[in-house]
Amino acid sequence: MRTDAELLRSYDVDAFAEFYGRHVITVAAFLGRRSRRPEVTFDLVAETFARAYEHRKRYDPRKGPAVAWLLGIARSVAGDAERRGQVSDAARARIGLGTIALDDEALRMIAERGRVDFRSTLARLPESQRISVFRRLLDDEEYEDAPPPVSPSPRLTRREPAKHTRDPFAVLGEQLLVAAGGKLPRPRSRVLAAAAAAVVLFGAGVAAAALTIGGDDPPPPGERAMPTPTRTPPPVPTPTATPSDPNNTNPFRRRPPSGSAPAPAPTPAAPPELDLTLTPDLTAGHAGWCVGITINTAGLITGGRQCHRSGPPGTTLIAAGGLGGSPGMGYAIVDRAVRQVRLSDGRTFTPARDPGLPAGWRVATWDVTGQPPTFTLHDVGGQQLAPRATAAVRPLPTRRVPAADPPRTRCAIRPESGSDLSPSRARVLERFVVLDLVSPSYLSCASTSFKVGSRTLRAAVLLNPRDLAAPASPLPSTEGVRVRREGPGWLVVSGGTGAQRARLMRALSVTGP
């Protein structure tokens, strides 16, 4: 079993989740002594672990056990809350944790954890470590019956009683796993097949079918798309999606509501399904996101791919576009500040969380019949938000290098000697520039294409654009790609089959990024 120090130093996406599981009850019991309200206790626990995740590399095992370090963070978080009168959510915002809704049953579970005898939770520690914890944290930890009033952060909400209430600490653990780059189970994406009907991708900056952001504002420049070459035939009306579907747990895949009326035909066709996948843009010099789109209509699968540049901090619209045709669908990936997407045809959608997205982002999708509608973004109070996507940073300059034998320059990707791989089109950055971009973002500092069997795969090295020497955030989803930590960055292989990606990954080395 790995030690706490090993878990905190590890780049394994499951490591911090394991650390959380070991110590969450201890932290809850410790904070339960300072707070008499279960919602505040839970809020403090969440902020404590978010702050611990941010600073996990600073833990020094020479200064004492990890649990003492963690409880020191908890005491600091609680002290800040008591001085301010409200629990901070700053660390959760920085790492992308979302809101958690609590009902009466969830609050009861939290209250039980808060009443656990704190000293008993440390029983598994060696005596010397228990003494260290007691001396550092408990000598002055006696509180009056009426502690300072503290209100919870906006990241906690109340909800109506649920039929089956999940353990709120398990929900928090899942959020931390996603923030660390882990992936929760979700339906697998459908394989893109050749389509008999022609489709056209539309999105910001695509001339074939322009999508206007925010009504009369011009579309943001620089978006790239890969439409199929044939134009769409005249559209056929499709069923209109309802604004929200509580039974649809995967917002990336829009399904018809259970109460929709059947089409007036002997054998009505099943409404189309939309599937989206989000991956960093692997093109050398680019910092952005690519969205893969697939529409399945009665077994006929069409699709394409669009890439969008990352905007600066505060950008509310991460990516938007869609697939026109018979039928067509649109999408908008937005920041958590966006609570409504209002279409020009009168429909309104509430963006929803998806495990394939960074924890702070949401997605809304809708059916498109004919001309794609424009849309505006609105906050919780109904006020319109500016997308701020027009400030997207232009790609950094790159240079071509020999793919089979690249120079020993930073980020260069090199196949192993004697490999039967066929590399081509290799590029590396000319200048390494720090970019102030929305988080998370990734800067591709090198990319190379490889022929593996009959398939073309791409390898790229991704860095943290805001601090090129700091560890790049774990990818929100690794569906369709294979990743390996290389110094502070990631080596990513995309395309082909899982076996081909694994084979290529084993055969590559990177000049220290």
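Sites listed here are trypsin sites (Lys or Arg not before Pro) in the range 423-513 whose DSSP assignment is loop and whose Cβ has at most 10 other Cβ atoms within 10 Å: Arg431. Less than 5 angstrom separates the built amide H of Leu102 from those of Thr157, Arg158, Arg159, all sequence-distant by 5 or more or on a different chain. Potential lengthening of the chain between Val434 and Glu174 amounts to 90.5 nm, from the contour at 0.36 nm per residue minus the alpha-carbon distance.
Applying 1/(1 + (r/R0)^6) with R0 = 25 Å to the Cβ-Cβ distance of Asp379 and Asp103 gives a FRET efficiency near 0.50. Treat the range 4-179 as a sphere of radius equal to its Kirkwood radius over Cα pairs and apply Stokes-Einstein at 10 °C in a medium of 1.306 mPa s; give the translational diffusion coefficient in µm²/s, rounded to a whole number. Here the translational diffusion coefficient equals 97 µm²/s.
With the simple spin-label model, which puts each label point 7 Å out from Cα in the Cβ direction, the Arg2 to Arg347 separation comes to 4.4 nm. Computed on the range 398-510, with alpha-carbon pairs under 8 angstrom and 6+ residues apart, the relative contact order is 24 percent.
Of the residues Ile131, Ile413, the one with the fewest other Cβ atoms within 10 Å heads the list, and the complete ranking is Ile131, Ile413.
Backbone amide hydrogens, once placed in the peptide plane, bring Ile318 within less than 5 Å of Ile333, Val334, Asp335, excluding anything fewer than 5 places away on its chain. Restriction of the chymotrypsin sites (Phe, Trp or Tyr not before Pro) in the range 342-390 to DSSP coil positions whose beta-carbon has at most 11 other beta-carbons within 10 angstrom yields no sites. Using a Förster distance of 25 angstrom, determine the FRET efficiency expected from the C-beta separation of Lys57 and Ala404, and round it to 0.05. It comes to 0.10. Rounded to the nearest whole Hz, the Karplus-based 3J(HN,Hα) values (6.51 cos²θ - 1.76 cosθ + 1.60, θ = phi - 60°) of the range 100-108 follow the sequence 10, 8, 10, 10, 4, 5, 4, 5, 5, with x at glycine and proline. Close amide H pairs (under 5 Å, H built 1.01 Å from N) link Val368 with Gly328, Met329, Gly330, residues at least 5 positions away or on another chain. For the range 149-154, putting each phi into the Karplus relation 6.51 cos²θ - 1.76 cosθ + 1.60 with θ = phi - 60° gives couplings of x, 10, 9, x, 6, x Hz, in residue order, rounded to whole numbers and with x for Gly and Pro. Only Cα pairs under 8 Å and 6+ residues apart enter the sum, and on that basis the relative contact order of the range 4-179 stands at 35 percent.
Throughout, read-outs are computed from the coordinates displayed, never taken from laboratory work. Because the structure is predicted, anything quoted here is derived from the model rather than measured. So basically every Cβ, Gly included, is an ideal-geometry build from the backbone, and we count neighbours across all protein chains shown.
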